[in-house]
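Written below as structure tokens is the structure these notes are about.
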Amino acid sequence: MTQRRDFLKLTGLLGAGIMSDLLSPTAGNAETQVHLAGQLSGTSGFNMSGYAAPKLETVRIGFVGLGNRGPAAVERIGFIEGTEIKALCDIRPEKAAAVKKKLEGTLHQPQVYTDDANAWKKLCEQKDLDLVYIATPWALHTPIAVYAMQHGKHVCVEVPAAKTIDECWQLVETSESTRRHCMMLENCCYDFFELLTLNMVRQGLFGDIVHGEGAYLHYLLDENFDKNYYYDSWRLKENFRIGNLYPTHGLGPVAQAMNINRGDKMDILSSRQSEDFSMHARAVSLAATDPVRTG
């Protein structure tokens, strides 16, 4: 267990995006390299890899976070046979009400939780739920996931599932102790191109793969500074940290193609951050005309 914990601690430095403790705030091209060779040699009493919980004829789902990604997730799930949307939660009553209204005329009749900032706990405690789908700001991902598993629910959580090493271990250990699945919703592993390529890899069409490259570009400058887009500007605040906040979009498909953690493992992980070429300039420009700053 100790050796496995050491391994996940090291890998979590990249996956959880917590490079702020390791990188200089003034570094122009900061880099952290973690050597992992020989770290994964221990075994644990129980590991969720390969575990399958008992089959459910109908999966009863509760959704927490109905701002940006949540409503679309509810809509998609609504088309899947064998699912029932049983609960909705958001700190803003109007967001939950809007999603519930779209479910009118369907078989889904969810309970709504919006009374306070901890309303998600009441959702997790709801007896007739099998799965909690989390699409909240990142700081709530692990607390909600852990609480849900502790109350007998499986969990799906948006990227990133955790922000710190301790949170990574909370997820691992809670999942193992409760025998509840905890899946990070790494959507970029399941797009058409990535699944097509993965199938070709597994069919042997590329031979032995010895090198892979992955990257992800997402322009969020306008959204980050839009006060009405992200609740309480939470996404902008996440950029106060230094580091690669969630590299799994680019890394995940490559790891699948190369069977990482499915018989092979990484020896070295490197994370780099370049200079900021856009965020600071936009902040200065907006601050010059911000009535809160100029009044």
Legend entry - Any chance Phe206 is without any contact (Cβ under 8 Å) to a residue 60 or more places away in the chain and among the aromatic types (Phe, Trp, Tyr): yes
Inset, instruction - Determine, yes or no, whether Pro93 is over 21 Å from Glu57 (Cα atoms) and under 14 Å from the mean Cα position of the chain (by Cα). - result: no
Legend entry - Residue among Glu194, Glu213, Glu186 that alone is in contact (Cβ under 8 Å) with a residue 24 or more places away in the chain and loosely packed, with under 12 Cβ neighbours inside 10 Å: Glu213
Legend entry - Lone qualifier among Leu217, Leu221 - being touching a Lys or Arg at 6+ places or on another chain (Cβ under 7 Å), more than 21 Å from Gly70 (Cβ to Cβ) and either modelled with pLDDT of 90 or more or in the same structural domain as Thr197 (by TED's automatic domain parsing) (or both): Leu221
Legend entry - Any chance Cys168 is surrounded by fewer than 21 Cβ atoms within 10 Å (Cβ to Cβ) and either of a type in the set (Asp, Glu) or in contact (Cβ under 8 Å) with a residue 12 or more places away in the chain (or both): no
Legend entry - Output for the range 98-136, where each listed residue is out of contact with any strand residue (DSSP E or B) (no Cβ under 7 Å at 6 or more places or on another chain), assigned to a helix (DSSP H, G or I) and surrounded by fewer than 16 Cβ atoms within 10 Å (Cβ to Cβ): Ala98, Lys101, Lys102, Glu125
Inset, instruction - Output yes when any residue across the range 191-211 is in a loop (DSSP other than H, G, I, E, B) and under 21 Å from the mean Cα position of the chain (by Cα), and no when none is. - result: yes
Legend entry - Test: residue in the range 137-156 that is assigned to a loop (DSSP other than H, G, I, E, B), under 16 Å from the mean Cα position of the chain (by Cα) and at pLDDT 95 or above: yes
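The values are calculated or read from the model by the stated rules, or taken from the named source; none is laboratory data. Owing to the predicted nature of the structure, the values given are computational and were not obtained by experimental measurement. When we count neighbours, we look across all protein chains shown, and the Cβ atoms used for this are built from the backbone with ideal geometry, even at glycine.
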